[in-house]
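Heads up: the structure comes next, in structure tokens.
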Amino acid sequence: MLRNVVITQPLPADRLQALSKQCNVQVLDGSLPLSEALSRDELSACHGVICLLTDAIDSPLLEAMPNLQFVSSVSVGVDHIAVEALTRRSIPVGNTPGVLVDTTADAAFALLLAAARRVAEGDRYIRDGQWRPESRWSPDFFLGKDVSGGTLGIIGLGAIGQAVARRAAGFNMKVIGWTPSGREVPGVDSVSLEELLLRSDFVSVHLALAPQTHNLLDAEKIATMKPGAVLVNTARGGIVDESALAAALDSGHLYAAGLDVFEREPVATSSPLLRHPRVVVVPHIGSATTLTRAKMVDIAVQNAASALLGQPMPHCVNPEVYPAAAPH
Ligand code: DGY
């Protein structure tokens, strides 16, 4: 009997062809949480889920899915999934690492440059009709902050953090880094988080969101950042205390911020961050290029296909669910 796999939002049909031969695929439109989009019977009959980072795969939902055999997310981050609860049930969870590394690092650097050199502010200035003949150019017009030669502090030295470090080398930046694991990375001077915040002209966040990293950059830590620093976050909004960040920008302690991610998405238009002229915001598009998104979907589908065949997922965040290979 074919098993039932739910895909929470439409994905390119051509990338799902092979999977459709392996199982019954039900594609939802993403307008409702899974618990509301599916009937109790459909939830109970579901063997696999391919989801996005906007889908909460939480414990109450999992309780309604007694026959679930895998979850495959089209994302590298899995903070929307109750991974521990799934691990307890020996259910593998797949993600899509690797393929979005360069794309996300490019986005982080774009935000860093845009925030430092006031790109979004300048764009608004012209469109709003404020660029007039009497203010055409002057030595102190629209001054920004030097990127080249500055010190970049990278929080989180995984693949994306390292890719950002490589880009910074091209800008002749001094790169220092901190990661909770204490990992050493060539070309990056490992320092404590305290030292990183104290010394960095630019801080870029590249950690996963977990209980230990939630509000890691809180008011106390932000207060220790170098005066005039720029904060860039393309990881998860929950890692930075947004009210504290807004207050540090308003007081002039921080120069600017470049944000791709927010504690709640979409961010409320009433957020104080959006009122600050030197905050550059984009709507969680760090990995949003055609090629990268296609690769992410392909990996998520491969993870699902492997699970359906009873094989280990190529990219599994809880590989402990697979019985260890028998000792020789
Ligand atoms: C992810 O995959 O977790 C990223 O946030 C997508 O951009």
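The values are calculated or read from the model by the stated rules, or taken from the named source; none is laboratory data. Quantities reported herein were computed from a predicted structural model and do not represent experimental measurements. Neighbour counts run over all protein chains shown; Cβ positions are idealised from the backbone, glycine included. Accessible surface areas use protein heavy atoms only, side chains included; no ligands, DNA or RNA. Shrake-Rupley method; radii C 1.70, N 1.55, O 1.52, S 1.80 Å.
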Inset, instruction - With θ set to phi - 60°, apply the Karplus curve 6.51 cos²θ - 1.76 cosθ + 1.60 along the stretch 127-141 and write out the HN-Hα couplings as whole Hz, x wherever there is a Gly or Pro. - result: 4, 6, x, 8, 7, 10, x, 6, 10, 5, 6, 8, x, 10, 7
Inset, instruction - For the chain, report the accessible area per residue in Å² (1.4 Å probe, heavy atoms, rounded to an integer). - result: 50
Inset, instruction - Give me the lysines in straight-line cross-link reach of LYS21: C-alpha distance below 28 Å, same-chain residues under 8 apart excluded. - result: LYS295
Inset, instruction - Hey, could you get me the Stokes-Einstein D for the stretch 101-281, Kirkwood radius over alpha-carbon pairs, 25 °C and 0.890 mPa s, rounded to whole µm² s⁻¹? - result: 148
Legend entry - Net charge of Cβ neighbours under 15 Å - reference VAL297; Lys, Arg +1; Asp, Glu -1: 0
Legend entry - Where the Cα pairs of the chain fall when distances are cut into 20 Å bins, in %: 29, 51, 19, 1, 0
Inset, instruction - Report, by chain and number, residues whose modeled amide H sits under 5 Å from the one on LEU254, excluding near sequence neighbours (fewer than 5 apart, same chain). - result: GLY228, LEU249
Legend entry - 19 Å Cα-Cα reach of LYS221 towards aspartates and glutamates, excluding residues that sit fewer than 8 places from it in its own chain: GLU194, GLU195, ASP201, ASP241, GLU242, ASP250, GLU263
Legend entry - Coil-residue chymotrypsin sites (Phe, Trp or Tyr not before Pro) of the stretch 178-274, DSSP, other Cβ within 10 Å capped at 11: none
Inset, instruction - Sequence neighbours fewer than 8 away in the same chain don't count; with that in mind, list the lysines whose C-alpha is under 28 Å from LYS226. - result: LYS145, LYS174
Inset, instruction - With a 1.4 Å probe and every protein chain left in place, tell me how much accessible area GLU220 has, in Å² to the nearest 10. - result: 150
Legend entry - GNM result for the chain, Cα springs below 10 Å: residue of ASN67, ASN303, ASN233 fluctuating most strongly: ASN67
Legend entry - Vicinal HN-Hα couplings computed from phi for the stretch 44-52 (Karplus, 6.51 cos²θ - 1.76 cosθ + 1.60; Hz; Gly/Pro x): 5, 8, 7, 9, x, 10, 10, 10, 10
Inset, instruction - Based solely on C-alpha atoms, express the radius of gyration and the Dmax of the stretch 257-328 in angstrom. - result: 19.6, 63
Inset, instruction - From zero up to wherever the largest Cα-Cα distance of the stretch 245-299 sits, split into 5 Å bins and tell me the percent of pairs in each. - result: 4, 17, 23, 17, 14, 9, 8, 6, 2, 0
Legend entry - Neighbourhood net charge (15 Å Cβ-Cβ; Lys/Arg +1, Asp/Glu -1) for GLY122: +4
Inset, instruction - Take every DSSP beta bridge whose two residues both sit in the chain, then give the antiparallel share in percent to the nearest 5. - result: 5
Legend entry - CD proxy at 222 nm, helix term only [per DSSP H run n ≥ 4: -39500 (n - 2.57); per residue of the chain; nearest 500]: -9000 deg cm²/dmol
Inset, instruction - Work out from phi, with θ = phi - 60° and the Karplus expression 6.51 cos²θ - 1.76 cosθ + 1.60, the ³J(HN,Hα) of each residue of the stretch 87-103, listed in order in whole Hz, and give x for Gly and Pro. - result: 4, 4, 8, 6, 9, x, 10, x, 9, 10, x, x, 5, 9, 4, 5, 4
Legend entry - Stretch in the chain that is longest and holds no trypsin sites (Lys or Arg not before Pro) that DSSP places in a loop and that have at most 15 other beta carbons within 10 Å: 1-88
Inset, instruction - State the extension gain, in nm to one decimal, for the chain segment bounded by ASN67 and SER20, taking 0.36 nm per residue of separation less the distance between their alpha-carbons. - result: 15.0 nm
Legend entry - Carbon and sulfur %, accessible surface of the chain computed with the full protein complex present, 1.4 Å: 54
Inset, instruction - Among DSSP beta bridges lying fully in the stretch 101-281, give the percent that are antiparallel, nearest 5. - result: 5
Inset, instruction - For the stretch 33-134, take the alpha-carbon Rg, divide it by the Kirkwood Rh, and send me Rg/Rh. - result: 1.28
Inset, instruction - Using only the alpha carbons of the stretch 147-245, determine the length spanned along each of the three principal axes and report them from longest to shortest in whole angstroms. - result: 33, 27, 21
